[in-house]
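Beneath this line is the structure, given in structure tokens, with notes to follow.
The values are calculated or read from the model by the stated rules, or taken from the named source; none is laboratory data. Only a predicted model underlies this, so the values are computations on that prediction, with no experimental measurement involved. Glycine also receives a Cβ, built like all others from the backbone with ideal geometry; neighbour counts cover every protein chain displayed.
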Amino acid sequence: MNKFLITLATLVAFTLSGFAYAQTVSGQMQRIIGVGDDVDGGVSEQFTRFVISTEKTADNGWVIGGSMSIQTAAATGGTYAPSTNFMYVQTDMMTVNIGNTIGPAITSVPAVNGMVPGGGVDAGYQFLFDGGNLASQGVQFREAYYASNAAKIDIDLPSVNGFTVGVSYTPDSEFDATTQSRATNTVESAAHGEVIEVAAKYDGEMEGLSYTIGVAALSGNSQSTITGQAARSTINEDLSSFSAGIKVTMGNMSIGLHGFDNGASFGASSDDDKARHNGWNSAITWAMGNLTLGVGYSHQENVRGTRAMAAITGATGAAGDVAQDNITMVGLGYDMGGGISTYVQLSNNNHEDGNVSTNEVNPQVLFAGINIGF
């Protein structure tokens, strides 16, 4: 692996030395207004993004480029942070991405959880106003690290007869896009390391309908620590995650179904009550010119392991408690043209932390937003 990296870096360095760059600038601005039952509501944003990209064709025919995005996000208190920062080398045989970029799972598995106008549950807009999500592990409603921008090497092969395959290697998911430091590395980490991500998808058509089927698997070393347990107190489970989805389009209607299973990846191997995290998403949308209507339903479960009793909602819960999130969505989107889109989504949230003594808050959230792309 080290020889491969050195050779690849040398090729990139020599190739880039012989030509000038051509840059493009793009980005996105957004504002979101939310109200609801058992929420404060207000005016917010998920992210406002500024992207600089460059691409050039070398004399040998290789296409070499890169992209860097910087965003301000409500989740970081409005501070600026890098989102992606990577280079790529595209040849007839493959495309190699190097740096903080997404892996093949996000490009292969249909994003059913984002189909409903307003981003479904994938965009996280409703969570700006509802902080009660209890069962997430890694990311909202999808496989662990699916959208991770941790520094990695990602290789995507060309599509052959509708089949596309990709693989990525992440040395340590601890180094994500918001923690660029390579100077220090803590011995104890709540992130998985040495992550291998493999994914494949098939795009096909049949009797007036088109469809995409995608599967992905992530595997890697265990976390050093789990929330609620002492460092190095146990041997933790290795990362083992699986995700699959299908999206079918028939005229102006699209239907999607997606499921994921992280198994016991976020637990300890010696747990009597094994950790577990899985879920599924479904959605259907109708496009009517510039107007799109969609409905969806998402469900996920997170079971506390014996040695991670505080991992979900605090120390009051017991090992084996099952936390659940169920969200029903109705969304309406309108494309105004010129890179401007608007949407409104109603989310009915049902949260359970598995502790019968807790009274959960289950808000209904209504939010509307406007996005401007440039």
For region 111-132, pairs from a residue that is under 15 Å from Gln300 (Cβ atoms) to a residue that is assigned to a helix (DSSP H, G or I) and not charged (D, E, K, R), with Cβ under 8 Å and 6 or more apart or across chains, are Gly120/Val112; Gly120/Asn113; Gly120/Gly114; Val121/Asn113; Val121/Gly114; Asp122/Asn113; Asp122/Gly114
Considering region 133-167, residues that are without any contact (Cβ under 8 Å) to a residue 24 or more places away in the chain and among the aliphatic types (A, V, I, L, M), and then whichever is surrounded by the most Cβ atoms within 10 Å (Cβ to Cβ), we arrive at Val139
Asp154 vs (1) under 30 Å from Glu352 (Cα atoms); (2) modelled with pLDDT of 95 or more; (3) over 14 Å from the mean Cα position of the chain (by Cα): all pass except (1)
Listed by range, strands (runs of 3 or more DSSP E) wholly within region 37-135 having at least 2 residues that are at pLDDT 90 or above and either under 26 Å from Trp280 (Cα atoms) or β-branched (Val, Ile, Thr) (or both) are 48-57, 63-72, 95-100
Asp203 passes all but one of the listed conditions (1) farther than 22 Å from Thr84 by Cα; (2) of a type outside the set (A, V, I, L, M, F, W, C); (3) in contact with an Asp or Glu (Cβ under 9 Å, 6 or more places away or on another chain); (4) at pLDDT 95 or above; the exception is number (3)
Going through region 345-367 in order, the residues found to be under 16 Å from Asp37 (Cβ atoms) and not in a loop (DSSP other than H, G, I, E, B) are Gln345, Leu346, Ser347, Asn348, Asn349, Asn350, His351, Gln364, Val365, Leu366, Phe367
